[in-house]
Amino acid sequence: MISLFIAFSWLSMSWAKPKGPTLYDMVRIPPGSFVMGGAKGETLERPLHKVELTRGFYIGRTEVTQQLFKEVMGYEPVKFWGEACKGYTHDPNEQHPVYCVSWYEGIKFANALSKRDGLEQCYLIKRGKLYWPKGLDCSGYRFPTEAEWEYAARSNADGYYGGASNPDEIAWFWDNSNKELNPVASKKPNQWGVYDMCGSVWEWVWDFYGDYSRDVQTDPYGPDFGDYRVRRGGAWFNGIEGVRVGTRLREKPRSHYSLIGLRLVRTLPQPPLPKIRPYRKPSRSNNID
């Protein structure tokens, strides 16, 4: 009976306090293609366009929690930033999504979590400048690209809410949240087993904000320059229209906002390239007349 309970707790992400470091549970997402953007909503969700993702990836089963962030970084952002955190704040709860995290803090957290878990650190900060040297080839934790985020949120399903006909089943938003944060994974997951992609808190992604293109995109990672980074998914404070999988807004990357948190991904290991024998000019006897 004890062993069954332990197995169930691991699979269901039991919220009992762990004896060791908190693990960041992840879901495997296969490569594939999808139509990105929204046919309804704000103009910044259009035009609809096809995206091809050639690499699979792991994505956090939940948003990063207060507990995991504090274990790795040593502080709780909502307490640390105090009045600098804009918007409605709540006393930290270990299983609430972390919030009041700037985009740059998310970068530092991803590197710190990679270091803790013995993985490659994806980001390089040198002389005040940020680099992503290996791009999608990096094997450590990183922000999802905007395309990766929306692909995982849609979970190969139709509709505005990742396959759910009723958003109340999978999302915390204004009408059902009791006007406050709620623990992660307390609604149903989407069809790929990922929780809270709609509602709860907005999530930072890698991309600078920019208008969509009508052209087919392969492994896009957004504009090379910009003043704003993209946030996705909506939050408990938003109405039902604000938590659709196509919803996108922009934010200054240094902002500490009570409605923005984060979720990380890792690129799946890529199969080795096939060994190709060197070309040899055929001998005369092998020629076909």
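Give me the number: length gained by fully extending GLU52 to LYS129, i.e. 0.36 nm times residue separation minus the C-alpha to C-alpha distance, one decimal in nm.
The span from GLU52 to LYS129 would gain 24.7 nm if fully extended.
Would any residue of region 224-244 have its amide N under 14 Å from a label point 7 Å out along Cα→Cβ of LYS252? List them or say none.
227-229
Taking the chain as a whole, which cysteines find no other cysteine Cβ under 4.7 angstrom from their Cβ?
Lacking a cysteine Cβ partner under 4.7 Å: CYS198.
Among HIS256, HIS49, what is the fewest-to-most ranking by other Cβ atoms within 10 Å?
Ordered from fewest to most neighbouring Cβ atoms within 10 Å, HIS256, HIS49 come out as HIS49, HIS256.
What are the ³J(HN,Hα) values, in whole Hz, obtained from phi via the Karplus relation 6.51 cos²θ - 1.76 cosθ + 1.60 with θ = phi - 60°, for each residue of region 193-209 in sequence order, with x given for Gly and Pro?
x, 9, 9, 6, 6, 10, x, 6, 9, 4, 10, 5, 10, 5, 5, 4, 6
If I take R0 = 41 Å and measure r between the Cβ atoms of ASP211 and LYS188 in this structure, what FRET efficiency does the formula 1/(1 + (r/R0)^6) give, to the nearest 0.05?
0.80
For a Förster distance of 22 Å, can you work out the FRET efficiency between the beta-carbons of ARG116 and THR89, rounded to the nearest 0.05?
Calculated transfer efficiency: 0.25.
Distances over 32 Å make up what percent of all Cα-Cα pairs in the chain?
Above the 32 Å cut-off, the chain has 26 percent of its Cα pairs.
Between THR22 and ASN176, what is the label-to-label distance in nm when each label sits 7 Å out along the Cα-to-Cβ direction?
Going by the 7 Å Cα→Cβ label model, 2.4 nm.
Could you derive backbone 3J(HN,Hα) for region 164-178 from the dihedral phi with the Karplus parameters 6.51, -1.76 and 1.60 (θ = phi - 60°), listing whole Hz in sequence and x where the residue is Gly or Pro?
Those phi angles translate into 7, 6, 10, x, 4, 6, 10, 10, 9, 9, 3, 6, 10, 8, 6 Hz.
Filter the trypsin sites (Lys or Arg not before Pro) in region 214-271 to those in DSSP coil with at most 10 other Cβ atoms within 10 Å of their Cβ, and list the result.
ARG254
Any read-out appearing in this document is the output of simple, stated calculations on the displayed coordinates, not a laboratory observation. Fair warning: this is a prediction, and the values are worked out from it, not measured in the lab. Cβ coordinates were reconstructed from backbone atoms using ideal geometry, including for glycine residues, and neighbour counts include every protein chain displayed.
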